[in-house]
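The values are calculated or read from the model by the stated rules, or taken from the named source; none is laboratory data. The structure displayed is predicted, hence computed values, not measured ones. Quick reminder, even Gly has a Cβ in these numbers, built from the backbone with ideal geometry, and neighbours come from all protein chains shown.
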Amino acid sequence: MKKRVVILLNLLFLFSFLNLSYSEEKNENFNDHELNFYTGMFDFSDDGQRAALFGFEHQNENLVRDSFLGKISPVTGFMLTENSAAYAYTGIQAQYNLGKLKVLPSFTPGLYGQGDGKDLGHIIEFKSELQFSLDIFSNSELGFSYNHISNASLGEKNPGANSYMFNFISEF
């Protein structure tokens with residue numbers, strides 16, 4: 001597990017270094033994509049199933065739309081726990097700007113693979129998330145997010161999982 005964390009931190013450092021070095025060359029089409037790298041604790045509220053996690057999420061800035069719900073956009077991502085549980089998802093995210101602080105609620109259905117981790121009761125799971133992020137550079141943010149994953153009683157059991165993550169978001 002320590003090796004995975006070291007690799008993830010090195011990738012984050014490398015990506016942020018490369019991204020900051022290109023910030024001077026911005027043009028109209030430069031910030032077309034946003035990547036969110038995150039790490040945290042999967043199912044922190046269940047002592048027996050708690051596991052470290054890391055993942056990434058992509059948002060295409062060209063698909064952001066203003067609506068009566070605020071700015072909305074599609075998001076797609078993948079997360080993996082230290083117990084080899086995996087979740088691949090795609091859904092919708094809203095964005096509300098409060099100065100340098102952004103509030104980002106999202107809803108993303110996806111496919112869950114148990115691996116050696118927690119049995120969530122079904123392959124189809126739904127993730128509801130609330131993320132707070134703070135602008136730190138012209139093209140990067142640091143954030144904190146909390147989510148709940150549940151199968152909405154599609155399976156015979158529905159234990160759910162509550163997770164928290166620390167996020168590094170970068171535009172490129």
Q: Give the residues of the range 129-155 that are more than 13 Å from the chain's Cα centre (by Cα) and β-branched (Val, Ile, Thr), sorted by residue number.
A: 136
Q) Which condition does residue 123 not pass, out of (1) under 18 Å from residue 57 (Cβ atoms); (2) among the β-branched types (Val, Ile, Thr); (3) more than 17 Å from the chain's Cα centre (by Cα), if it passes all the others? A) (1)
**Q.** Members of the range 56-78 that are in contact (Cβ under 8 Å) with a residue 40 or more places away in the chain and surrounded by 17 or more Cβ atoms within 10 Å (Cβ to Cβ)
**A.** 77
Q.
Out of everything in the range 18-36 that is farther than 15 Å from residue 129 by Cα and in a strand (DSSP E or B), what residue ends up being modelled with the lowest pLDDT?
A. 33
(Q) Tell me yes or no: at least one residue of the range 90-97 is under 16 Å from residue 49 (Cα atoms), touching a residue at least 24 places away in the same chain (Cβ under 8 Å) and surrounded by 15 or more Cβ atoms within 10 Å (Cβ to Cβ). (A) no
(Q) Give me the residue from the range 78-101 that is at pLDDT 95 or above, small (Gly, Ala, Ser) and not in a strand (DSSP E or B) and, out of that set, nearest to residue 147 (Cα to Cα). (A) 85
Q: Answer yes or no: is there a residue in the range 40-51 that is surrounded by 14 or more Cβ atoms within 10 Å (Cβ to Cβ), touching a helix residue (DSSP H, G or I) at 6+ places or on another chain (Cβ under 7 Å) and at pLDDT 95 or above.
A: no
Q: Please go through the range 109-136 and pick out each residue that is assigned to a strand (DSSP E or B), of a type in the set (Asp, Glu) and surrounded by fewer than 21 Cβ atoms within 10 Å (Cβ to Cβ).
A: 135
Q. Can you name every residue in the range 45-77 that is in contact with a strand residue (DSSP E or B) (Cβ under 9 Å, 6 or more places away or on another chain) and in a loop (DSSP other than H, G, I, E, B)?
A. 45, 46, 49, 50, 64, 69
**Q.** Within the range 52-69, considering residues that are under 17 Å from residue 94 (Cβ atoms) and among the aliphatic types (A, V, I, L, M), the one farthest from the chain's Cα centre (by Cα)
**A.** 69
